[in-house]
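This report concerns only the one structure given below.
The values are calculated or read from the model by the stated rules, or taken from the named source; none is laboratory data. All figures in this text were calculated on a predicted structure; none of them were measured in a lab. All Cβ positions, glycine included, derive from the backbone under ideal geometry; neighbour counts span all protein chains shown. Areas reflect the complete protein model, heavy atoms only, side chains present, ligands, DNA and RNA absent. Shrake-Rupley method; radii C 1.70, N 1.55, O 1.52, S 1.80 Å.
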Amino acid sequence: MNLSAFILAAGLGERLRPITDHIPKPLLPILGKPVIQSVLEKISGLPVYKIGINLHYKKEVIEAWLKQSSFNNSVTLFPEDPILGTGGALKNAESLLRDNIFIVHNADIFSDIDLEKLVDFHLSSGNLATLAVHNYPEFNNLVIDDNGNLSEIGTMCSLFCPPSSELLAFTGIAVYQPEFLQFLPEGNSSVIHAWVKAASSGQKIGTMNVTGCYWSDIGTPLSYARTVFSELRKNGETVYIHPSVNWCNRIGMDGYIVIERQEQPPHPPLIKEGMKGTSLIKGGIRLRNCIVLPGANFTAFSPPLDKGGLGGLSFENCILGPGFKIDLKESEMLVGDTSGDAILIGTGGSDRQYYRVRKNKGSVVLMQCREDDPDFQRQLEYTRFFRKHSIPVPDLIDVDSEKMSASFEDLGDLSLYSWLKCPRNQDDIEEMYKKIIDILVLIHTTATGHVSECPLLQQRVFDYDHLRWETRYFLERFVGGVKNIQAKNSTAIEEELHRLAVTVNSFTKAIVHRDFQSRNIMIMNGGTPRIIDYQGARIGPPAYDVASILWDPYSRLDDEIRDKLVEYYINKVIPPCPPLKKWGNNKTGTDVNIPLFSKEGLGEIFIDNFWATILPCRLQRHMQALGAYGYLSMVKGKKYFLKHIPEALRLLKEESALTKDEYPELYRLVSAF
């Protein structure tokens, strides 16, 4: 089948002004990619051999983009002067479209509609045209009869249409037979009039209902912002920084932040040269729920603020561009993520729901658990216990046990994972991780010394059975679920995983967070880290937490920094002693027992050489992580976890290679991926 395609890209984008005074609507970026690029990529997945695009408004800008794109040689341009409308554009491109079935797609539509399914539906329908339609009350104006055919255009269907008819909206995507072109007049016209004309002459203008698919026309600043933030959440992110941006290391960020391509810093007066490179001046810029478009000039819109003595500029719930700032409402931008006055937050794997609720002049985070969630009571008890011993977890504000809900201090949205999205020098990264390790030391020492005060935690031991559950989880959810393979020599692998669990279970135990990774560490204003998602804490080997944060699949650390941070941790928890022999990753083991923790009033806890405990814990941790990614992506439908598999697998391959003499079958299994 030969298929042609046509993209409507000539519109003025008047509803998007002032954005479109600077950027034509088809080139509006969504996480670094112009929307027209997304359309072209989708169309290129079809058996299309000719693509046409009409141009009018800012045509030179779009032409320049196309010339440097990978689509340059596969697109024919049809400039219009004056603009010809949606019907006139197709008639003007008749030379391209008259020989084949063709698909038409508006350049400002961002959706996950299955174009291949639409084309197949059209081919089997006998329609002159097949319109992709959906129930979208804001735009519903097509009267569709009980056979799925267009009968008329109108918005009063509920009053005057036959009972079997329904009112739906056009998505901006349709498939046509070439004979449709005869219903289009020369010059400016609307394709809608041609639909009505063709239907009146007895032709079938059919529809395929795609209600339920994601769809946005990015036609207004609000719909554009919704689309951007929705895509961010779909990717499991709260922050996107374009690779061209190298000055964001001193920006205060919270909520959803998108900074698109920037050819230069936002405004020279805000920038100064420091010994560590370019950074913002004292106070800097603070952003919350902001989209920063190319060429943004921060200083044009807001007077200097002095909140809490920080100085600088502050922007919230807006789109920033060259010479303009568009203010929006948070509850409207995050549509779909709201429940009344509450806004859904978080992109992790938990089934618990977390909402930001405005309270007085601030906000709290409401945790809503299912009725049978055993972690609800643990979250409350662990919070009280950790706060008593200066572990920086959020303050517990209110509890409603009947509703299985509790409200906590709002720590914001900037996790360590998102903080690292911004390019930062190695010294700053190392200092941040040292602060985080200081928290870990408090958990492993001070809190551990008082664990009897929290019976719920004292009784939860990260023991052999739990360790084996993690590795079976890996075999089931990753090896079988993601890789879809049956492990050979399964008996031998089970025996090796049994021995690994015995080994890890033999290590001296302390309180461990058990999911101490970059998404569960929040960075507050001023660069202070605090921790969340600690309801899974258990009594287990401290190296499991160290492996979780320093060998984190979410955020790769430089090997040199990692080794320094392990030494930093050891020096924090071990009193002065002879130099340690290291094992794993160019380290060798020793059988000498040394004190791991020694704090005044706590006594001493001894384990084998700490380096010797890290590698087995790394093996255990990364099998658990891969099992979790498999479960969350394949079972829970959170596909964004798939992008973290390559790094977790790289780490597991490294670890299995280091232990291949001890666990040869595991090494063979992992090496095969």
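When 392, 374 are checked against the criterion of being in contact with a strand residue (DSSP E or B) (Cβ under 9 Å, 6 or more places away or on another chain) and of a type outside the set (Phe, Trp, Tyr), a single residue qualifies: 392.
Residues in the stretch 648-673 that are under 27 Å from the mean Cα position of the chain (by Cα), open to solvent by less than 30 Å² (accessible area, probe 1.4 Å) and either over 21 Å from residue 491 (Cα atoms) or among the polar types (S, T, N, Q) (or both): 648, 649, 651. Taking the conditions (1) of a type in the set (D, E, K, R); (2) surrounded by 17 or more Cβ atoms within 10 Å (Cβ to Cβ); (3) in contact (Cβ under 8 Å) with a residue 40 or more places away in the chain in turn, residue 58 satisfies each one other than (3).
What strands (runs of 3 or more DSSP E) completely inside the stretch 76-169 contain at least 2 residues that are open to solvent by 10 Å² or more (accessible area, probe 1.4 Å) and modelled with pLDDT under 90? Explain how you work it out, then say what you get.
Details: elements: 101-106, 129-134, 142-144, 150-153.
Correct list: 150-153.
Residue-by-condition table, conditions (1) loosely packed, with under 15 Cβ neighbours inside 10 Å; (2) at pLDDT below 95; (3) aliphatic (A, V, I, L, M); (4) farther than 30 Å from residue 493 by Cβ:
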position: 378; (1), (2), (3), (4): no, yes, no, yes
position: 393; (1), (2), (3), (4): no, no, yes, yes
position: 398; (1), (2), (3), (4): yes, yes, no, yes
position: 424; (1), (2), (3), (4): no, yes, no, yes
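Cβ separations smaller than 6 Å between residues 6+ apart or across chains give the following pairs from the stretch 633-652 residues that are within 26 Å of residue 352 (Cβ to Cβ) and of a type in the set (D, E, K, R) to residues that are modelled with pLDDT under 95 and surrounded by 17 or more Cβ atoms within 10 Å (Cβ to Cβ): 638/632; 639/633.
A quick yes/no check of all residues on (1) closer than 29 Å to residue 63 by Cα; (2) over 37 Å from the mean Cα position of the chain (by Cα):
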position: 97; (1), (2): yes, yes
position: 108; (1), (2): yes, no
position: 128; (1), (2): no, yes
position: 136; (1), (2): no, no
position: 149; (1), (2): no, yes
position: 178; (1), (2): yes, yes
position: 186; (1), (2): yes, yes
position: 198; (1), (2): no, yes
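Quick check: anything in the stretch 5-15 free of Cβ contacts under 8 Å to residues at least 24 places away in the same chain, open to solvent by 10 Å² or more (accessible area, probe 1.4 Å), out of contact with any strand residue (DSSP E or B) (no Cβ under 9 Å at 6 or more places or on another chain) and under 22 Å from residue 171 (Cα atoms)? Yes, there is a match, as at least one residue in the stretch 5-15 is free of Cβ contacts under 8 Å to residues at least 24 places away in the same chain, open to solvent by 10 Å² or more (accessible area, probe 1.4 Å), out of contact with any strand residue (DSSP E or B) (no Cβ under 9 Å at 6 or more places or on another chain) and under 22 Å from residue 171 (Cα atoms).
Looking across the stretch 234-264 at every residue that is in contact with a helix residue (DSSP H, G or I) (Cβ under 9 Å, 6 or more places away or on another chain) and part of a helix (DSSP H, G or I), the one that is surrounded by the fewest Cβ atoms within 10 Å (Cβ to Cβ) is identified as 234. The residues of the stretch 202-230 that are open to solvent by 50 Å² or more (accessible area, probe 1.4 Å) and free of Cβ contacts under 8 Å to residues at least 12 places away in the same chain amount to a single one, 202. Each residue in the stretch 116-146 was checked for being in contact (Cβ under 8 Å) with a residue 40 or more places away in the chain and either β-branched (Val, Ile, Thr) or over 16 Å from residue 174 (Cβ atoms) (or both), and 5 pass. If I filter the stretch 503-530 down to residues being under 22 Å from residue 452 (Cβ atoms) and of a type in the set (Val, Ile, Thr), which single residue comes out as most open to solvent (accessible area, probe 1.4 Å)? Only one residue fits best here, namely 508. Might you let me know whether the stretch 573-596 holds any residue that is of a type in the set (A, V, I, L, M), at pLDDT 50 or above and open to solvent by less than 10 Å² (accessible area, probe 1.4 Å)? Looking through the stretch 573-596, at least one residue is of a type in the set (A, V, I, L, M), at pLDDT 50 or above and open to solvent by less than 10 Å² (accessible area, probe 1.4 Å).
Conditions tested, residue by residue: (1) open to solvent by 20 Å² or more (accessible area, probe 1.4 Å); (2) under 22 Å from residue 609 (Cα atoms); (3) more than 24 Å from the chain's Cα centre (by Cα).
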{"position": "539", "(1), (2), (3)": "yes, yes, yes"}
{"position": "544", "(1), (2), (3)": "no, yes, yes"}
{"position": "550", "(1), (2), (3)": "no, yes, no"}
{"position": "553", "(1), (2), (3)": "no, no, no"}
{"position": "563", "(1), (2), (3)": "yes, yes, yes"}
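Residues that are out of contact with any helix residue (DSSP H, G or I) (no Cβ under 9 Å at 6 or more places or on another chain), open to solvent by 40 Å² or more (accessible area, probe 1.4 Å) and either modelled with pLDDT under 95 or in a helix (DSSP H, G or I) (or both) do occur in the stretch 602-621, at least one of them.
Would you check which residues across the stretch 488-520 are among the hydrophobic types (A, V, I, L, M, F, W, C) and either touching a Phe, Trp or Tyr at 6+ places or on another chain (Cβ under 6 Å) or touching a residue at least 60 places away in the same chain (Cβ under 8 Å) (or both) and list them?
Of all residues in the stretch 488-520, those among the hydrophobic types (A, V, I, L, M, F, W, C) come to 492-493, 497, 500-502, 504, 507, 510-512, 516.
Those that are among the hydrophobic types (A, V, I, L, M, F, W, C) and either touching a Phe, Trp or Tyr at 6+ places or on another chain (Cβ under 6 Å) or touching a residue at least 60 places away in the same chain (Cβ under 8 Å) (or both): 492, 493, 497, 500, 501, 504, 507, 510, 511, 512, 516.
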